[in-house]
Amino acid sequence: MHIETRGQGPTLGLIHGWAMHSGLFGPLVDRLVERYTLHLVDLPGHGHSRGSDASLDPEPLAAELVARIPDAAWLGWSLGGLVSLRAALDHPDRVRALVLIASSPRFVHGPDWPHGVGPTLFGDFGSALAHDFRGTLDGFLALEALGSNSAQEELRKLRLQAFERGEPSPAALQQGLQLLDQEDLRAGLPTLRVPSLWIAGRRDHLVPPAAMAAAAALAPSGRSIEIASAGHAPFLGAPDAVADAIDDFLQSIANGANP
């Protein structure tokens, strides 16, 4: 698994979302690199790790990441949030804090969880990938940008950067969709031992802000915020607001305050 390290200061690991790579975090890197040591992870089958056929199962991935980068705060965007949350649940002594951006402990809605997408969305994307790989990915990028005040500019950036490290592995994409469809980490939230910040885009069409507020309410020392003008990738449309929220949260922990 490829990990790029930049910056200086307290350690923060960043894990990207489905079909993407860590290069998408560029706006956050620019704003945080002078205050934090940033470890930018490319998940197996994605970006510079696209040649890896290792599993995307969050449990072994989390174990590998905390072994390679102990005593870090972890930030996960979308699918990456499942790995970050798994790391915090399984290895609380090696994880200092948790930041989830447009992520959820469960992405699909159900009778006891009204805060997700419909039960066929990820399966439909999986079926479509086999018939129109590029077109399906482009449709997902459009869904990610939808709702943002700068939707057209975000979509342009997503399209520009999505394949700059090569195409993601089809097998990894299918496994990622299965995780988004089936994973449910809600039961672990009341036992979460590290502080957590859940950052939502108010206009997100994939992860409703209510999902992140509900998850934060289940987690001790959890809190959520909304970025009013943002969709599913708030660090692209509102990078200053997202970087400031992350910095305030991590600084409060470093200063011993209750986040």
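The values are calculated or read from the model by the stated rules, or taken from the named source; none is laboratory data. Since we're looking at a predicted model, the values are computed, not measured. Neighbour counts run over all protein chains shown; Cβ positions are idealised from the backbone, glycine included. To get the accessible areas, we keep the full protein, side chains included, count just its heavy atoms, and leave off ligands, DNA and RNA. Shrake-Rupley method; radii C 1.70, N 1.55, O 1.52, S 1.80 Å.
Descriptive notes on the structure:
- Pairing each residue of region 206-223 that is more than 12 Å from L189 (Cβ to Cβ) with any residue that is charged (D, E, K, R), provided the two are 6+ apart or on different chains, yields C-beta distances under 6 Å for P209/R202; P209/E226.
- In region 100-141, of all residues being open to solvent by 40 Å² or more (accessible area, probe 1.4 Å) and of a type in the set (A, V, I, L, M), the one that is farthest from L192 (Cα to Cα) corresponds to A130.
So that you can scan it fast, the table gives a plain yes or no per residue for (1) under 15 Å from the mean Cα position of the chain (by Cα); (2) closer than 22 Å to A243 by Cα:
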residue	(1), (2)
G17	yes, yes
M20	yes, yes
G26	yes, yes
T37	no, yes
D42	yes, yes
S49	no, no
S52	no, no
P58	yes, no
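- Residue check, S150 closer than 25 Å to E226 by Cα, among the polar types (S, T, N, Q) and touching a residue at least 24 places away in the same chain (Cβ under 8 Å): yes
- Positions within region 218-259 being touching a Pro at 6+ places or on another chain (Cβ under 8 Å), among the charged types (D, E, K, R) and closer than 27 Å to E153 by Cβ, in sequence order: E226
- Looking only at region 28-56, and only at residues there that are charged (D, E, K, R) and crowded, with 16+ Cβ neighbours inside 10 Å, the one that is farthest from P10 (Cα to Cα): R50
- Qualifying residue in region 48-70 (condition: part of a strand (DSSP E or B) and either closer than 29 Å to G256 by Cα or at pLDDT 95 or above (or both)): no
- Residues located in region 230-244, provided they are under 17 Å from the mean Cα position of the chain (by Cα), under 11 Å from R31 (Cβ atoms) and open to solvent by 10 Å² or more (accessible area, probe 1.4 Å): P239, A241
Yes or no, residue by residue, for (1) surrounded by fewer than 16 Cβ atoms within 10 Å (Cβ to Cβ); (2) hydrophobic (A, V, I, L, M, F, W, C); (3) at pLDDT 95 or above:
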residue	(1), (2), (3)
P170	yes, no, no
Q175	no, no, yes
T191	yes, no, yes
A215	no, yes, yes
E226	no, no, yes
F249	no, yes, yes
N258	yes, no, no
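- Here region 122-150 is the region considered, the condition is being part of a helix (DSSP H, G or I) and farther than 24 Å from G47 by Cβ, and the residue that is farthest from the chain's Cα centre (by Cα) is S127.
- Restricting attention to region 1-47, the residues that are aromatic (F, W, Y), under 19 Å from L82 (Cα atoms) and not in a helix (DSSP H, G or I) add up to 1.
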